[in-house]
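Comments concern the structure below.
The values are calculated or read from the model by the stated rules, or taken from the named source; none is laboratory data. The structure displayed is predicted, hence computed values, not measured ones. Because the Cβ atoms are built from the backbone with ideal geometry, glycine has one as well, and the counts that use them run over all protein chains shown.
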Amino acid sequence: MMFCGMKDETDKRYQIVVKNRYGVLHMEYEDDLNRAHSRLMSLWEKLPRDSGTAPDYYGAAIYNIQDNRKRILTLGADYLL
């Protein structure tokens, strides 16, 4: 069901996913690739990092869900995605 002109997330083109080895930390959808990229970079910068965190502890990506979920951009550990 849609309210007040809101789009269902399946209608949006890009999926933003941030994971660690335990699972999904964040997932959202955007229509615009530039907005998706900005949002992903913002989320990536906010991830907690310290000297004890391995560099491949996090993975993040943007997927084009209207093109067979083709991966557009990957940050960090791609084995998590």
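In region 54-65 there is at least one residue that is surrounded by 12 or more Cβ atoms within 10 Å (Cβ to Cβ), within 19 Å of Leu81 (Cα to Cα), in contact with a His (Cβ under 8 Å, 6 or more places away or on another chain) and modelled with pLDDT of 95 or more.
Of all residues in region 20-53, those being in contact with a helix residue (DSSP H, G or I) (Cβ under 8 Å, 6 or more places away or on another chain) and modelled with pLDDT under 95 number 2. Asp50 satisfies every condition listed in (1) surrounded by 18 or more Cβ atoms within 10 Å (Cβ to Cβ); (2) assigned to a loop (DSSP other than H, G, I, E, B) except (1). Given the criteria at pLDDT 90 or above and either surrounded by fewer than 11 Cβ atoms within 10 Å (Cβ to Cβ) or among the basic types (Lys, Arg) (or both), does Asn68 qualify? Against the criterion (at pLDDT 90 or above and either surrounded by fewer than 11 Cβ atoms within 10 Å (Cβ to Cβ) or among the basic types (Lys, Arg) (or both)), Asn68 qualifies.
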